[in-house]
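Reviewing the structure listed below.
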Amino acid sequence: MQQSSSNGSSPEPKSYWHVTAPPPVPNDPLPDAADVVVVGGGMLGVWSAYWLAKTGANVTLIERTAISWGATGRNGGFVIAGLAEGFTTGAERIGHDAAWDVWKLSEEGRQIVQTVVEEEGIDCEYRLSGTVGLALTEEDRDAMHHGAAILGEKGVTVEPLDQQGVQELIQTPLGADIHGGIYHRNNALLHSARYLAGVAQAAQRHGARLCLANVTKLVSDGDATLVETSAGTIRAGKVIVGINAWTDELIPSLAGIVVPVRGRILSYAPVPPVFTTGIGASVTPTGEYWQQTMDGSIVLGGCRADAPGGDVGVRDPVPTPDVIAKLDAVFPRLFPQLGGLKISQSWAGLMAFTSDYLPVADAVPDMPGVWAAGGFCGHGMPFGPRLGQLLAEAAMTGLTPTALSPLRIDRPTLTAYVAAEQPAAV
């Protein structure tokens, strides 16, 4: 692969991650056929290709722009176990046992990241710093502590924090709105673009082919699938589609089920150390999150609730001044003595949401030999490694693993997505 030096024909602003580590552009020639074709060079696609290559499969990944160009390279750089809306809320929605099964998938994915980063020698600023969830009311603090106790019964270490406990982890005085929180000690932070580029390069070393093209259509052809692209057609024994916000372009049956949602993020120019962990808070109903990177920059995202319609269904990955201004007001409220912050970049990224805040990962009905995953609800980093591994197994065996059952397409809680305020994670 070659490194991308510019946006090329893409109009969207670069993220902090892409500015500091230009994403690689696939440049292998497109073959006529492959055992498995993976569509998408984001989190799910790259990990699927990695696991397939490790098994010795003839695998071709097709990406239309660059590795991590979508949500993965535009996020907050968190690798945190859990459900997008938190365990307690998820358990109320889908049942305790199913929520725990999904939690385990995310925890397995988090552990995979740590293991593979070490084994493959991926230089991505990975650090096991933990994450803190801030409570902005006493009621939220009590709910967070209750959720921590429930997870503690499952053997998950989540530490309840009072205001002083939070202060010990943040090197600037807290504002009066912060009443405590919770600390997930085993969660991690990393440099998103360097991370996924490293996994993609490892996949290539193990034999994966990475190609640049736009996939336009999937056509069943006997016991295979013809993958039609802007660079030609490739015959695939099996296909894995991992394009998240763009899922409906190739899987019409998931239109309105896996729905694009725009998120906005900014980064501040480097400042002395302030935040030693990743942090989340519900300043707005859809939540805010940030980390301070190794060079002192602060990456802050959120305030989607302040966008018209919550940015649901928006496919334009460009930030707007109104929401960026709302983001810029988060720290003055929470940390009134934290000064000297200057915005260096602002950008947007396309996530994908589902009605029950769980991803889809399953065989596609009426498309034999095709599996799809998407709808990570802004929480794909822990799921990508494990779901990629399970979908690679599906493509090799022709059978969808039972571990993916909670994420099946025909689950009763998966209906047409209707925009609503996302509950704060606990």
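The values are calculated or read from the model by the stated rules, or taken from the named source; none is laboratory data. Just so you know, these numbers come straight off a predicted model, no measurement behind them. Cβ atoms come from the backbone with ideal geometry, glycine included; neighbour counts cover every protein chain shown.
Computed values, structure above
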item	result
Qualifying position, being more than 30 Å from residue 62 (Cα to Cα), among the hydrophobic types (A, V, I, L, M, F, W, C) and at pLDDT 95 or above, among 210, 189, 161, 151	161
Residue within region 378-396 that is among the small types (Gly, Ala, Ser), part of a loop (DSSP other than H, G, I, E, B) and surrounded by 13 or more Cβ atoms within 10 Å (Cβ to Cβ) present	yes
Any hit, region 254-264, residues being out of contact with any His (no Cβ under 7 Å at 6 or more places or on another chain), at pLDDT 95 or above and part of a helix (DSSP H, G or I)	yes
Members of region 178-200 found to be part of a loop (DSSP other than H, G, I, E, B) and surrounded by 15 or more Cβ atoms within 10 Å (Cβ to Cβ), listed by number	178, 179, 186, 187, 190, 191
Pair list, Cβ under 9 Å, 6 or more apart: region 259-275 residue over 19 Å from residue 132 (Cβ atoms) and touching a residue at least 12 places away in the same chain (Cβ under 8 Å), other residue of a type in the set (Lys, Arg) and assigned to a loop (DSSP other than H, G, I, E, B)	260/315; 262/315; 269/342
Options 245, 236, 203; residue that is closer than 17 Å to residue 59 by Cβ, among the small types (Gly, Ala, Ser) and not in a strand (DSSP E or B)	203
Scan of region 126-140 for residues that are touching a helix residue (DSSP H, G or I) at 6+ places or on another chain (Cβ under 9 Å) and buried (at least 18 other Cβ atoms within 10 Å of the Cβ), ordered by number	126, 132, 133, 134, 135, 136
Failed item in (1) within 22 Å of residue 70 (Cα to Cα); (2) surrounded by fewer than 20 Cβ atoms within 10 Å (Cβ to Cβ); (3) in contact (Cβ under 8 Å) with a residue 12 or more places away in the chain, with residue 255 passing the rest	(3)
Selection from region 324-358 of residues that are assigned to a helix (DSSP H, G or I) and in contact (Cβ under 8 Å) with a residue 12 or more places away in the chain	324, 326, 327, 328, 330, 331, 333, 334
Checking residue 166 against (1) aliphatic (A, V, I, L, M); (2) outside any helix (DSSP H, G or I); (3) free of Cβ contacts under 8 Å to residues at least 40 places away in the same chain, the condition it does not meet	(2)
Residues that are of a type in the set (S, T, N, Q) and more than 24 Å from residue 403 (Cα to Cα), drawn from region 108-129	129
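For every residue, the table says whether it meets (1) under 30 Å from residue 355 (Cα atoms); (2) surrounded by fewer than 23 Cβ atoms within 10 Å (Cβ to Cβ).
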{"residue": "31", "(1), (2)": "no, yes"}
{"residue": "35", "(1), (2)": "no, yes"}
{"residue": "66", "(1), (2)": "yes, no"}
{"residue": "69", "(1), (2)": "yes, no"}
{"residue": "87", "(1), (2)": "yes, no"}
{"residue": "91", "(1), (2)": "yes, yes"}
